[in-house]
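Novice: Right, I'll just put the structure down here and ask away after.
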């Protein structure tokens, strides 16, 4: 076997505290925060002078983690992508939630915007995509059965 498990997914954000607040409101638990820098980080990322504040959040079941990174350096001049969902390479992460309407109401004050609308798939689920921090698309699924 090549893969032992999926460890985490990560997103670069501009405002780390706001991104943490968004994902905590969604129900993730903050594991910790730190700053990474130095030669090893430069080599890993392929940039010089890397200094990044990072936070790890975990899902309530303990099996999934999200890494949020806010780079202090090097500074980028490229904006976050806000392309439609069907563009290759656009990041998307999906969570199963208990009450979709409640989650949407709680996330709106944190900047969440519906991508389309809440859609029902047969008797299986209600599903919505929202744009979260830096335009990341977050799928929210409420199972109906």
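Throughout, read-outs are computed from the coordinates displayed, never taken from laboratory work. Just so it is clear, the model here is predicted, and its values are computed rather than measured. Ideal geometry is used to build each Cβ from the backbone, glycine not excepted, and the neighbour counts take in all protein chains shown.
Novice: In percent, how large is the relative contact order of the range 9-73, given Cα pairs closer than 8 Å and 6 or more residues apart? Intermediate results must be reported in sequence, preceding the final value.
Specialist: Details: 118 pairs, mean separation 27.6, N = 65.
Once normalised by length, the contact order is 42 percent.
Novice: Which residue fluctuates the most in the chain, going by a Gaussian network model with Cα springs under 10 Å, if the choices are 45, 93, 54?
Specialist: 45
Novice: Out of the DSSP beta bridges found with both residues in the chain, what percent are antiparallel (nearest 5)? All intermediate terms of the calculation are to be shown ahead of the outcome.
Specialist: Details: 28 of 38 bridges.
If we restrict to bridges inside the chain, about 75 percent are antiparallel.
Novice: When the Kirkwood hydrodynamic radius is evaluated over all pairs of different C-alpha atoms of the chain, what value in angstrom, to one decimal, is obtained? Walk me through the numbers before you get to the answer.
Specialist: On the way: mean 1/r = 0.0605 Å⁻¹.
Every distinct Cα pair counted, the radius reaches 16.5 Å.
Novice: Angle, helix 16-26 long axis vs. longest principal axis of the chain, Cα atoms, 0 to 90°, nearest 10?
Specialist: Computed tilt is about 30 degrees.
Novice: Return the Rg/Rh ratio of the range 9-73 with Cα-based radii and a Kirkwood Rh.
Specialist: Numbers: Rg = 12.4 Å, Rh = 12.2 Å.
Taking Rg over the Kirkwood Rh, I get 1.01.
Novice: Now for a separate question. Which residue, 126, 43, 108, tops the fluctuation ranking in a GNM of the chain built on C-alpha contacts under 10 Å?
Specialist: 43
Novice: Something else about it: For each of 95, 11, 22, count neighbouring Cβ atoms within 10 Å of the residue's Cβ, then give the residues from fewest to most.
Specialist: 95, 11, 22
Novice: Normalising by the residue count of the chain, find the relative contact order in percent from Cα pairs under 8 Å and 6+ residues apart.
Specialist: Numbers: 258 pairs, mean separation 32.4, N = 145.
Relative CO of the chain lands at 22 percent.
Novice: Can you sort 130, 24 so the residue with the fewest Cβ neighbours within 10 Å comes first?
Specialist: Details: 130 22, 24 14.
Placing the least packed residue first, the sequence is 24, 130.
Novice: Here's a follow-up. What ranking of 121, 129 emerges when the number of other C-beta atoms within 10 Å of each C-beta is taken as an exposure proxy, fewest first? Before the final figure, lay out each step's value.
Specialist: Working: 121 10, 129 19.
Ascending number of Cβ neighbours within 10 Å: 121, 129.
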